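The values are calculated or read from the model by the stated rules, or taken from the named source; none is laboratory data. Since the structure is predicted, the reported quantities are computational estimates derived from the model, not experimental observations. Methodologically, a virtual Cβ is constructed for each residue, glycine included, from the backbone with ideal geometry; neighbour enumeration extends over all protein chains shown. These accessible areas exclude ligands, DNA and RNA; they are computed on the full protein's heavy atoms, side chains included. Shrake-Rupley method; radii C 1.70, N 1.55, O 1.52, S 1.80 Å.
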Amino acid sequence: MTPANHVVILDFETTGLSPDNGDRAIEIGAVKMVDGKIVDSFQQLMNPGRRVNSFIENYTGISNQMLLNADNCETVMADFADFIGDFNLVAHNASFDKKFLDAEFQRINHCYNGKFACSLLLSRRIHQDAPNHKLGTLVDYHQLPTDGVFHRALADATMTGYLWQHQLETIEQLSKKAPLSFEQILTITAMPKAKVASYLANL
DNA sequence: TGCCAGGCCCTCTTTAGGGCCTT
C-alpha cells in the first residue's frame, strides 16, 4: 500500500490544449508531499522552440521574452524526471497534465510507471456541494492558502497540494479511517458518484 | 482553404448532444 499523502502534485503551463496538435510545455511546477507536508518544490520555465500566442501570454503571464533564455523542454523534463522519482502523481484535471507529461517524457525516452490521480474527479465525488470544480473556485470555497497567483505552474501545483490534503482529511472524516492509500483514492475517483457514500461508510 | 482536444458526466441517454475542466 502506498500512502495517499505521499505524492508529487504537478501542474503544466503549455502553448495550448493538445500535444497531438503540436502544443508543448512552457513551464512545469510541482510540490513533493510526504506525510501530508510539502517538503520540496520544483519550478522551471522551458523554451518550446517557437513563439507562444498572445492568449497564452495573457493567461499565464509567461511572455516570449521570459522563454527566450529558458532551457529547452528536454533538459527541464530530464531534471523533472529526477525530481518525481517513483512517486505517485496528482494534478487538477489530471488527464490534461498526464498527456503533456507523457508527450514530453516520450521525447526524452523516459519511462514513467507511477500512478496518476485527479483532484478534479475526486472533488466531483466528495464535494458535490461546491459551486463548480475549477481550481480557483475550490481554493476559495475551502478557504485554502493562496498567494493570489493563478495560472503559474508552481502556484497552481501548491494550491492543488493544499486541496489534495484537504480532500484526504474530508475522506478520513467521512470514513473514520486513516491513513488512506493512493489505491483507495483511485478507486473512489473511478466509481460512480452515487456509490461513493456507501464505499466510504464501509471502508 | 478550413479546420483544429479529449475525457468525464449528465440527461430531454445508450442509434447523442452538450457542458465542464485543463492551456
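Summary of computed values
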quantity	calculated
Residue list for segment A:149-180, restricted to those being small (Gly, Ala, Ser) and assigned to a loop (DSSP other than H, G, I, E, B)	A:Ala178
Cross-chain or 6+ apart pairs with Cβ under 6 Å, segment A:125-153 first and closer than 24 Å to A:Thr60 by Cβ and touching a residue at least 24 places away in the same chain (Cβ under 8 Å), then aromatic (Phe, Trp, Tyr) and open to solvent by 40 Å² or more (accessible area, probe 1.4 Å)	A:His151/A:Tyr59
Any chance A:Thr170 is touching a residue at least 12 places away in the same chain (Cβ under 8 Å), more than 30 Å from A:Gln44 (Cα to Cα), more than 10 Å from DNA strand B (Cβ to nearest atom) and in contact with a His (Cβ under 8 Å, 6 or more places away or on another chain)	yes
Residues (touching a helix residue (DSSP H, G or I) at 6+ places or on another chain (Cβ under 9 Å) and more than 17 Å from A:Leu138 (Cβ to Cβ)) located in segment A:182-191	A:Gln184, A:Thr187, A:Ala190, A:Met191
Filtered residues of segment A:33-67 (kept if outside any loop (DSSP other than H, G, I, E, B), within 13 Å of DNA strand B (Cβ to nearest atom), open to solvent by less than 80 Å² (accessible area, probe 1.4 Å) and not charged (D, E, K, R))	A:Leu45, A:Ser54, A:Ile56, A:Thr60, A:Leu67
Hits in segment A:104-119 (condition: open to solvent by 20 Å² or more (accessible area, probe 1.4 Å) and either free of Cβ contacts under 8 Å to residues at least 40 places away in the same chain or touching a Lys or Arg at 6+ places or on another chain (Cβ under 8 Å) (or both))	A:Gln106, A:Arg107, A:Ile108, A:Asn109, A:His110, A:Cys111, A:Tyr112, A:Asn113, A:Gly114, A:Phe116
Segment A:139-165: number of residues that are open to solvent by less than 60 Å² (accessible area, probe 1.4 Å) and either over 18 Å from A:Leu10 (Cβ atoms) or near DNA strand B (Cβ under 8 Å from one of its atoms) (or both)	4
Segment A:82-93, residues that are open to solvent by 10 Å² or more (accessible area, probe 1.4 Å) and either within 16 Å of DNA strand B (Cβ to nearest atom) or within 24 Å of A:Asn21 (Cβ to Cβ) (or both)	A:His92, A:Asn93
Residue within segment A:14-27 that is crowded, with 16+ Cβ neighbours inside 10 Å, closer than 24 Å to A:Phe182 by Cβ and β-branched (Val, Ile, Thr) present	no
